[in-house]
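Each value in this text was obtained by applying a stated rule to the coordinates, not by laboratory testing. On a predicted model such as this, the values are computed, not experimentally measured, just so you know. As a convention, Cβ positions derive from the backbone with ideal geometry for all residues, glycine included, and neighbour counts pool all protein chains shown.
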Amino acid sequence: MTTQTTPLFVHEEVASALRDGHPVVALESTILSHGLPYGRNLDVGRRVEQTVRDGGAVPATIAVLDGRPVIGLSPAELERVCAPDAGLDKLSLRDLGPAVGLGRSGATTVAGTSALAAAAGIGVFATGGLGGVHLGAAQSWDVSADLGVLAKVPTVVVCSGVKSVLDIAATLEVLETNSVPVLGYRTDDFPAFYLRSSGHPVGWRVEDAKQAAAVISAHRRYANSGVLLTNPIPEESEMDRALHDRLLQEGLAKLADADVHGADVTPVLLEHFHSASEGVSIDANEALVLSNAKLATEVAVALS
Ligand code: PSU
Ligand code: MN
């Protein structure tokens, strides 16, 4: 019997950056395939990569294509992930084995991306929002695997907090239980994705990428868990609170009416926000992802 280990397919540019100790920033693909509509996703994917390049690091967008875990999509592969008929599965960490073993294709979530990035030796990862504890989780047990992966994988996730469609207080409790430090970039408040503040305090505040890098380096001496660096959406792109609250109530009602559960919850809610806000939420989403990519790049540069 032979044991087959499936290698990572690391793009040459990424591989050489890693060899030379140059900064690399991992990027997820679920945000493109399941989080943003066709027509905008490719543009955002390219801009995020360009933002990382402009900051002096190499971008590595991650997905599983035909059973190959790809670290650093080529331009053609990025187009494939963003195509209207891409038909990609949403891959959390538990789905990587099945997707690779069965030769399938899928976009990776924060959990899936963090695990593959860490396996490739990439420690900094930029995204939009983290998955968390869903409202009503006491009954549904719906807690994103993103939190469990941050507990075990020494990754730095730069994001704009979690959406207010989640139970933010419970999400912060789970992060605490799992020894994941939550840093606020120039803020004392945990951000709520479309909104700059959730009303919940962060554990620690950092003023610049250098401070963040110092915290991350020190954390790695004592723990194998990840670090969450939260960056509020740029002020000029923050969503109007009344609009936000209306969309949220409608979205939650839609979930209940259509009996949506599990992995479909986030995509269905995002779809509602996008269509009912006439694109305001998409602009907000793009602005925060770009801002997070810029900050993650500064942190990766400071760490390298
Ligand atoms: N939040 C967003 N946009 C997204 C996601 C979360 O604002 O696209 C995606 C991310 O890939 C995240 C995943 O890792 O949803 C969490 O899904 P779940 O709750 O099913 O674990
Ligand atoms: Mn879930």
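Observations
- Projected area, mean over directions - the stretch 227-304, Cα convex hull, nm²: 6.4
- Projecting the Cα atoms of Ala15, Val64, Ser197 onto the charge dipole of the chain, computed from C-beta unit charges around the Cα centre, puts Ala15 farthest toward the positive end.
- Taking every DSSP beta bridge that has both ends in the chain, the antiparallel portion is near 30%.
- The charge dipole of the chain, taken about the Cα centre with unit charges on the Cβ atoms of Lys, Arg (+1) and Asp, Glu (-1), comes to about 860 debye, rounded to the nearest 20.
- Neighbour-count order for Asp189, Asp43, fewest beta carbons within 10 angstrom listed first: Asp43, Asp189
- Fully extended contour minus Cα-Cα distance, from Arg220 to Ala242, at 0.36 nm per residue: 3.8 nm
- Ordering of 114-121, 30-37 by burial proxy (mean other Cβ atoms within 10 Å per residue, highest first): 30-37, 114-121
- Burial ranking of peptide ranges 146-152, 253-259, 60-66 (average Cβ count within 10 Å, highest at the top): 60-66, 146-152, 253-259
- The Cβ shell under 15 Å around Asp208 holds other residues with a net charge of +2, Lys and Arg each +1, Asp and Glu each -1.
- Considering only Leu102, Leu175, Leu130, the Gaussian network model of the chain with Cα springs below 10 Å gives its largest mean-square fluctuation to Leu102.
- Rounded to 5, the percent of DSSP beta bridges in the stretch 1-131 classed as antiparallel: 35
- Take 91-97, 162-168 and order them by the average number of nearby Cβ atoms within 10 Å per residue, most first; the result is 162-168, 91-97.
- Cross-link pairs beyond the 32 Å C-alpha cut-off, checked among Lys163/Lys294; Lys152/Lys254; Lys90/Lys294; Lys90/Lys210: Lys152/Lys254; Lys90/Lys210
- Separation of the Asp66 and Lys210 label points, Cα + 7 Å toward Cβ, nm: 4.8
- Over the chain, Cα pairs under 8 Å with separation of 6+ residues give a relative contact order of 19 percent.
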